[in-house]
């Protein structure tokens, strides 16, 4: 009898399970949200880097190598078109090529270039992706201007 | 009553407490995890906002660069004027054209969430060259400065500021020093006892090419027109394109005889505003010996004698004017020149032509040479006009003076040109010794060869209205008149310091490099960038070709002017430059070869080389200016003309129109 006295009662265990269950529900929810937000963070950082990568490349390109060349405005190039793929020429025949990081699954990359006068282009880079079935996107803008004729002075 | 044992009492509720404790720990960990996740998420947003803000800021910089570039293309924009007029200062805001930020604001609309703010300033304004160094030409309008662009982009709470500094340069498209000159020759062909120099033109007494000399053996003159302006004001000569024939030795140019409209140079002795080049300039000696001061009666006729002098030029034949009235008849010119004297006249006509006189300043050791004939004339009817030439007063050495009366006796009678009859003379009264006494007195009246008169004296003749010698009018008496040699001062624009002060012989173009705003590797790159398939040239500044030669296409048409500085030889043939543009073609180390298949409207510069003719049968036809180290006297046997383009003159107030502002394509500093 004395040995029985030293154990836990069923009631105690039952109460512990109940309490633990009550505690675990929000904790699991919190963890789940955290994991989801972590993925969102990863995605957003990736998206920002992908956008920045393209914007900086555009800024470094010679003006004549900027897509589109010619009297075209509002042209959108998408990943699927192949023109905005890694290794693709920025303008056919220009010799300048995109050097782009591989896109993670569910990501896509868009570039919209608007011609403004003869010395200026306006570029908008949009990165799209989905997170848990929800569409996400971010954009980055850059004014691009014609470079000087040659290194001078 | 039975009590519970002590140990049981201690164990009672332990599990619950353990569960609660565990739950608390899990909750803390979970909350920490979540907080960290949220924090990372916020940081991810911030990374994006920061990158976006930076992109906005860089957009602002790009926009400002493009706007400044566009603004400085317009010489009348507020930006250009502000840069041109900017005094040395710290940092001052740079005015930009109205509405210049609108396109940027339309692309990145300003809001509480995102936007961009851009400011443009000018700093470190200074002279392009050392202001104390005037020996290579200094243009006080040429400056350097730095454009400071400060652009702040923001997105949500993230702000990024980019500061970029770009050098700018204010450059006059005309080259310094040499652009002041119609003709600039550092090492001209000298004239001495053994060298004819530029005196290679065989012409008759009228100034026309000598028909007895084959064209292949003759060298026609190159006529320099220094400006269209006349001699209206005292400072007109300063406004003209000057002429420099440098070197260490003298250059003596034989004036061409006659008044022929292209080549005759009688006009050197006239007030050209009342120009009469049909006959040589002549004047009576107003202090003759006593014999000439009273009338004499011979053969029943009262006669008044006078000594008349006439200023002539050089010629090789006198066939066309076999006229007893001609003071140069019988080849008398040779009487005044020894047999070795070159009778050809100059192939460089520095004061234009008789139809278009164009006096200017001639610098260097430059002289002109011409004979002054003297003769005894007679006036029978007392009307003050000579009726006949009694005798030329030949230039003879003292030992031959006594021979004049015996071997060269006066005629007893001479034709009376006014009446058609003759005039009788008394030979005894008309002996040279009777008229003049001794040789020393005679020598003051006899004909003379003026063989080293400073060339600029002609400018005074042209104002003298027949007075001989002319008063000094054209040049400031305080100057080292009229042949200052090679050390000169070229005044700057009004209110500015001197443009040049030093030895013109030392100007070799080595300082021109500093003006270049674009450098290309070679001719191929130059043509790719500045020439199109229809031979249209669009420079827009001073362009340097680092190596090799440059061969420009025939029929070049200048759309946007400037200057080309080429290390090698420049070949050019027919250039058309519109009135609102200028073009300078400068070989820094070698020659300029000009074919002159037509007019070349440009400045040709080869200060270490020469101007060569690509087609010697063609006339030199240049509208602009010419500056070379050497100009061979026989390089252009067909002659030609150099017409100065006054817009090139860096000392004229209007020359400010030739300034251009350039901004470098690379930043001095880029700071985030």
Query - Residue-averaged beta-carbon neighbours from other chains (10 angstrom radius) around A:31-40 - result: 5
Requested in this report: Treat segment B:555-672 as a sphere of radius equal to its Kirkwood radius over Cα pairs and apply Stokes-Einstein at 37 °C in a medium of 0.692 mPa s; give the translational diffusion coefficient in µm²/s, rounded to a whole number.
Outcome: 214 µm²/s
Report summary line: Quick calc: nm separation of the 7 Å Cα→Cβ label points for residue B:123 and residue B:465 -> 6.4 nm
**Report entry** Shielding score for A:47-57, defined as the mean number of other chain Cβ atoms within 10 Å
**Finding:** 3
Query raised in the report: Going by a ≥ b ≥ c, the root eigenvalues of the Cα gyration tensor, does segment B:617-672 fall in the rounded group (a/c under 1.5), the prolate group (a/b larger than b/c) or the oblate group?
Result: prolate
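Rounded to a whole number of µm²/s, how large is the Stokes-Einstein D of the protein assembly as shown at 25 °C and 0.890 mPa s, given Rh as the Kirkwood radius over C-alpha pairs? It would help to have the intermediate numbers written out before the result.
Working: Rh = 34.1 Å.
In µm²/s, the coefficient is 72.
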Query raised in the report: Which value results for Rg/Rh of segment B:535-601 when Rg is the Cα radius of gyration and Rh the Kirkwood radius based on the inverse mean 1/r?
Result: 0.94
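State the Kirkwood hydrodynamic radius of segment B:101-140 in Å, one decimal place, computed from all pairs of distinct Cα atoms. Can you show the working numbers first?
Values: mean 1/r = 0.0707 Å⁻¹.
It works out to 14.1 Å.
If each residue's Cβ is checked for other Cβ atoms within 10 Å, how do B:242, B:439, B:17 rank with the fewest at the top? List each step's numbers first, then the result.
On the way: B:242 24, B:439 19, B:17 10.
Exposure proxy ranking, most exposed first: B:17, B:439, B:242.
Got a sec? How would B:138, B:452 order by Cβ neighbour count within 10 Å, fewest to most? Provide the component values of the computation, followed by the final result.
Numbers: B:138 26, B:452 13.
In order of increasing Cβ crowding within 10 Å: B:452, B:138.
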Query - Global form of segment B:46-144, assessed from the alpha-carbon gyration tensor, a/c cut-off 1.5 - result: prolate
Report task. Rounded, prolate or oblate: pick one for segment B:565-631, where a ≥ b ≥ c are the square roots of the eigenvalues of its C-alpha gyration tensor, a/c under 1.5 means rounded, and failing that, prolate if a/b is larger than b/c, else oblate. Result -> oblate
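Averaged across orientations, what area in nm² does the convex hull of the alpha carbons in segment B:475-604 project? Working shown, then result.
Values: hull surface 39.3 nm².
Convex hull of Cα atoms, orientation-averaged projection: 9.8 nm².
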Report summary line: Here, residue B:29 and residue A:19, labelled 7 Å along Cα→Cβ, have an inter-label distance in nm of 1.8 nm
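Evaluate Rg over Rh across segment B:523-564, taking Cα atoms for both radii and Kirkwood's formula for Rh. Please report the intermediate quantities before stating the final value.
Numbers: Rg = 9.6 Å, Rh = 10.5 Å.
Here the Rg-to-Rh quotient is 0.91.
Can you give the mean number of other chain Cβ atoms that lie within 10 Å of the Cβ atoms in peptide A:132-142? Spell out each step's value before the answer.
On the way: counts 0, 0, 0, 0, 0, 0, 5, 3, 8, 10, 9.
Average per residue, whole number: 3.
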Requested in this report: Could you tell me how many degrees, from 0 to 90 and to the nearest 10, lie between the Cα long axis of helix B:14-73 and the main elongation axis, the longest principal axis, of the Cα atoms of chain B?
Outcome: 10 degrees
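Give the Kirkwood hydrodynamic radius (Å, one decimal) of chain B, defined as one over the mean of 1/r across all pairs of different Cα atoms. Provide the component values of the computation, followed by the final result.
Numbers: mean 1/r = 0.0327 Å⁻¹.
Value: 30.5 Å, from the Cα pair sum.
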Query raised in the report: To the nearest Å, what is the center-to-center distance of segment B:550-574 and segment B:122-175, using C-alpha atoms only?
Result: 30 Å
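Helix-only mean residue ellipticity at 222 nm, chain B, DSSP H runs n ≥ 4 weighted -39,500 (n - 2.57), per residue, nearest 500. What is it? Present the calculation step by step, with values, prior to reporting the outcome.
Numbers: 10 runs with 111 residues, N = 672.
It comes out at -5000 deg cm²/dmol, rounded to the nearest 500.
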Report task. At a temperature of 20 °C and a viscosity of 1.002 mPa s, determine how fast segment B:92-182 diffuses translationally according to Stokes-Einstein, using the Kirkwood radius over alpha-carbon pairs as Rh; express D in µm²/s, rounded to the nearest whole number. Result -> 132 µm²/s
Query raised in the report: What is the Cα convex hull volume of segment B:240-312 when expressed per residue in Å³?
Result: 187 Å³
Query - Which of B:105, B:654, B:523 has the fewest Cβ neighbours within 10 Å, and the rest in rising order - result: B:654, B:105, B:523
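Coordinate-derived values only; no laboratory data. Everything numeric here is computed off the predicted structure, so don't read it as measured data. Please note: Cβ atoms are built from the backbone with ideal geometry, for glycine as well, and neighbour counts cover all protein chains shown.
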